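Undergrad: I have a structure here, written as structure tokens, and I will follow up with some questions on it.
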Amino acid sequence: MQNPNKVDQEEPQEEMLAWFLNLWSTVEHNYTTILAGLGGVAVAILIVVFYSNYNSQQDEQALSDLGDVYIALFEGRVDEAIQQSQKLATEYSGQRAGKEALIALANLQFEQNRLSESSKNFQAFLDQYPSDELFDYGAWSGLAYCLEAEGKFSEAARKFQTYADANPNSAFAPVALKEAGRCYLLAENREQAQVVFQIVLKKYKDASVARIVKGELLMMGADVEG
């Protein structure tokens, strides 16, 4: 027998799917890089996370509110997106929606060169929320990119390296080391850059960034196996 409640249960999901597909179309046609170091792939992941993790009516409202942030962004209303994400980070503090709003806020502030505010909110994210590999690396890298944007290349490199040292099994560890090496080169510290690049080839030889790192080492005149 057909479940008499089936239509009522599916209608909200269909509405959410329509919202998601509409937003995804907007992303594909109007996306501008907003996430420090992660770019379009991260935005795609974030949208999928939003859609797949909100099920209750309350959560659907949170998703709708977060959607307003990104729609405003994609339409070029950046100041409005920042104001809305700041509001949601407070309103949903301690909840998943607040977590995602806070990381969005920090990234938006970074893109607007509001580095002090951005750094403060990246750190607030790390302080307030439990570890989540994707978002955790996003916040760590955000802090590092803020330092780099301020010309503090050695500090930025150490921030990336600290993440890799603390999270050796993370898929982002070799990426962080690659970025650490890049920042050490900006700081004209070729010796330390070579050290972290060699770590990538030794510990993460199958990582996608290994080829890039190998190229960097060859340009530096370093000995590279294989």
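The values are calculated or read from the model by the stated rules, or taken from the named source; none is laboratory data. Worth saying up front: this structure is predicted, and the values here are computed from it rather than measured. Cβ: placed from backbone, ideal geometry, glycine included. Neighbour counts: every protein chain shown.
One line per residue, one yes/no per condition, for (1) modelled with pLDDT under 95; (2) closer than 22 Å to Ser118 by Cα:
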position: Glu155; (1), (2): no, yes
position: Asn167; (1), (2): yes, no
position: Val175; (1), (2): yes, yes
position: Leu185; (1), (2): no, no
position: Asn189; (1), (2): no, no
position: Ala207; (1), (2): yes, no
position: Gly215; (1), (2): yes, no
position: Met219; (1), (2): yes, no
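Undergrad: Now for a different question. How many residues, within the range 90-117, are more than 13 Å from the chain's Cα centre (by Cα) and of a type in the set (Gly, Ala, Ser)?
TA: The total comes to 5.
Undergrad: Looking at (1) farther than 25 Å from Ala149 by Cβ; (2) more than 24 Å from the chain's Cα centre (by Cα), which one does Gln194 not meet, given that it meets all the others?
TA: Gln194 satisfies all of (1) farther than 25 Å from Ala149 by Cβ; (2) more than 24 Å from the chain's Cα centre (by Cα) except (1).
Undergrad: For the range 111-134, give me each residue that is hydroxyl-bearing (Ser, Thr, Tyr) and buried (at least 16 other Cβ atoms within 10 Å of the Cβ).
TA: Here is the first cut: in the range 111-134, the ones hydroxyl-bearing (Ser, Thr, Tyr) are 116, 118-119, 129, 131.
Of everything in the range 111-134, those that are hydroxyl-bearing (Ser, Thr, Tyr) and buried (at least 16 other Cβ atoms within 10 Å of the Cβ) turn out to be Ser118, Ser119, Tyr129.
Undergrad: Considering the range 91-144 alone, what residues qualify as being in contact with a Cys (Cβ under 7 Å, 6 or more places away or on another chain) and among the aliphatic types (A, V, I, L, M)?
TA: Scanning the range 91-144 gives a single hit, Leu115.
Undergrad: Which helices (runs of 4 or more DSSP H) does the range 169-226 wholly contain that include 3 or more residues that are in contact with a Phe, Trp or Tyr (Cβ under 6 Å, 6 or more places away or on another chain), surrounded by 21 or more Cβ atoms within 10 Å (Cβ to Cβ) and not acidic (Asp, Glu)?
TA: 173-186
Undergrad: Please verify whether Leu108 is touching a residue at least 40 places away in the same chain (Cβ under 8 Å), surrounded by fewer than 23 Cβ atoms within 10 Å (Cβ to Cβ) and of a type in the set (A, V, I, L, M), treating the condition exactly as stated.
TA: The answer is no for Leu108.
Undergrad: Test of understanding: among Asn121, Asn113, which residue is at positive phi and not small (Gly, Ala, Ser)? Lay out the reasoning, then the answer.
TA: Values: Asn121 fails: at positive phi.
Exactly one residue qualifies, and that residue is Asn113.
Undergrad: Further question: Specify the residue that is modelled with the highest pLDDT; the eligible residues are those in the range 50-92 that are β-branched (Val, Ile, Thr) and surrounded by 18 or more Cβ atoms within 10 Å (Cβ to Cβ).
TA: Taking the candidates together, the pick is Ile82.
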